[in-house]
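The values are calculated or read from the model by the stated rules, or taken from the named source; none is laboratory data. Keep in mind the model is a prediction, meaning the values are calculated, not measured. No Cβ is skipped: glycine too gets one built from the backbone with ideal geometry, and neighbour counts run over all protein chains shown.
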There are 2 protein chains.
Amino acid sequence: MKLFSFWRSLATFRVRIALNFKGIKPEVVNVDLVKGHQRNLEFQKINPQMLLPALIDGDGPIIFQSLAILEYLDEVHPQPPLLPFNPRDRARVRGLAGIIACDAHPLIVPRVRDYLEREFKLNEEQRLNWIRYWIGEALQAVEVHLSGENETGRYCHGDSVTIADLCLASHVVGAKLFEMSVAPYPTVERIFDLCMKQDAFALAHPLKQPGAPKSVAH
Amino acid sequence: MKLFSFWRSLATFRVRIALNFKGIKPEVVNVDLVKGHQRNLEFQKINPQMLLPALIDGDGPIIFQSLAILEYLDEVHPQPPLLPFNPRDRARVRGLAGIIACDAHPLIVPRVRDYLEREFKLNEEQRLNWIRYWIGEALQAVEVHLSGENETGRYCHGDSVTIADLCLASHVVGAKLFEMSVAPYPTVERIFDLCMKQDAFALAHPLKQPGAPKSVAH
């Protein structure tokens, strides 16, 4: 298995956690998003969307989009599971994941920040306000779900790690990279702290990857 | 089954197609997004994220996020299927769906357009440029996949309708609502035209829903 990865990509962070969790050690190919290597022709042929993560299992073809990769990994390596068994439970896990991975994260990625700067001439403060606003919106929505619903356990859904926890962890790490406190979201914070005590999460952390700086100035 | 819907919501359009396709006739509850009824306390209790679609099956709880709802419907009403059987095929379908439903659509929804107007004082032309740019980015990425990959058939993946086609249809209808031509994306256009010949798609069209105008000025 070959994972196209970059230390800073939060969507790839989710996939790294899943791979660790399943005990899979892929070959890691670094695609430097800061240097724009995702736009190289060679990588465009691998992923036309020029985004990370991308995964090749065996002879391919490429598997793209982090949620699709997570579902794939859970289907071909079902143990330990990252989704519950019951359709209603699965729907809640996927819904929580979607609040983060669909409705928040795509608004704060480099290509969007580049557009805001290039086309609207927004300065860094305005772009940071944008990023923090959308991160906060998702934190708030997830907190209301987690704090108010009986299905919440030690983790987002019951007492086992699911795809929702992978997304929550990537989102909180993103919040911290942008110097946001998650203290206003105590259930999110509690679950994040529990997740990060596990090797599968901790070893996948952006700042633990090849090429990462010791700390981050956005 | 109870579907919280609004004629203009493209994410709800996807769910309406799936329900038609499965032959399910839910009770439809209209939530007027133009009048801001999604922010009413009553609806906040149903969906804390204050977004459509939301679905209640039986006693609940609420099922939220369109992709999670589509997966749920396919799990509890598996015939006719909206996902292929093989994990690699499922991954491609989910990946194509994600390009649209995760990486494009969340950038053009009303709450984002409201932010651009309120916080950045962007005028309508700038906001339309924003919307059209992100719709176009996804159309282009999907076209490259569809036109270059052997798995593409009469539909996005083989000769059966999948979740990818539901997302493609909602995205093209969105493009048309914003007066974009999809002629530069011939495979997308071909599949869209084939989809819209089917009742499951045609009857779910935004302009066919209660409260919809005969035509749209954005």
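For residues in the range B:49-72 being out of contact with any strand residue (DSSP E or B) (no Cβ under 8 Å at 6 or more places or on another chain) and of a type in the set (A, V, I, L, M), which is surrounded by the fewest Cβ atoms within 10 Å (Cβ to Cβ)?
Looking at residues that are out of contact with any strand residue (DSSP E or B) (no Cβ under 8 Å at 6 or more places or on another chain) and of a type in the set (A, V, I, L, M), I get B:M50.
Is there any pair with a first residue in the range B:91-111 that is more than 7 Å from chain A (Cβ to nearest Cβ) and a second that is in a helix (DSSP H, G or I) and surrounded by fewer than 24 Cβ atoms within 10 Å (Cβ to Cβ) whose Cβ atoms are under 6 Å apart and which are 6 or more apart or on different chains, and what are they?
B:A104/B:W134; B:I108/B:I131; B:I108/B:W134
When the range B:138-196 is examined, which residues are found to be out of contact with any Lys or Arg (no Cβ under 8 Å at 6 or more places or on another chain), in a loop (DSSP other than H, G, I, E, B) and within 20 Å of B:P81 (Cα to Cα)?
Across the range B:138-196, the qualifying residues are B:G153, B:R154, B:Y155, B:C156, B:D159, B:S160, B:V161, B:T162.
So is A:R92 outside the structural domain of A:R14 (by TED's automatic domain parsing), more than 17 Å from A:G174 (Cα to Cα) and buried (at least 22 other Cβ atoms within 10 Å of the Cβ) or not?
Yes; evaluated as a whole, the condition is true for this residue.
Of everything in the range A:139-163, what is over 14 Å from A:P186 (Cα atoms) and among the aliphatic types (A, V, I, L, M)? Give them in sequence order.
Selection gives A:V161, A:I163.
Within the set of pairs 6+ apart or on separate chains, which have a first residue in the range A:41-54 that is within 18 Å of A:L70 (Cα to Cα), a second that is polar (S, T, N, Q) and at pLDDT 90 or above, and C-beta atoms under 7 Å apart?
Taking only residues 6 or more apart or on different chains, the pairs are A:L52/A:S5; A:L52/A:S9; A:L52/A:T12; A:P53/A:S5; A:P53/A:S9; A:P53/A:T12; A:P53/A:S66.
For the condition within 14 Å of chain A (Cβ to nearest Cβ), β-branched (V, I, T) and touching a Phe, Trp or Tyr at 6+ places or on another chain (Cβ under 6 Å), what is the one hit in B:I63, B:I56?
Values: B:I56 fails: touching a Phe, Trp or Tyr at 6+ places or on another chain (Cβ under 6 Å).
Answer to the selection: B:I63.
What number of residues within the range B:144-192 satisfy the criterion of being among the β-branched types (V, I, T) and within 16 Å of the chain's Cα centre (by Cα)?
Summing the residues that are among the β-branched types (V, I, T) and within 16 Å of the chain's Cα centre (by Cα) in the range B:144-192 gives 7.
Mind counting the residues in the range A:117-136 that are within 8 Å of another protein chain (Cβ to nearest Cβ), surrounded by fewer than 21 Cβ atoms within 10 Å (Cβ to Cβ) and in a helix (DSSP H, G or I)?
5
Can we say A:P87 is over 30 Å from B:V76 (Cα atoms), free of Cβ contacts under 8 Å to residues at least 12 places away in the same chain and at the interface with chain B (Cβ under 8 Å from one of its Cβ atoms)?
Values: over 30 Å from B:V76 (Cα atoms): no; free of Cβ contacts under 8 Å to residues at least 12 places away in the same chain: yes; at the interface with chain B (Cβ under 8 Å from one of its Cβ atoms): yes.
When the stated conditions are applied, A:P87 does not pass them.
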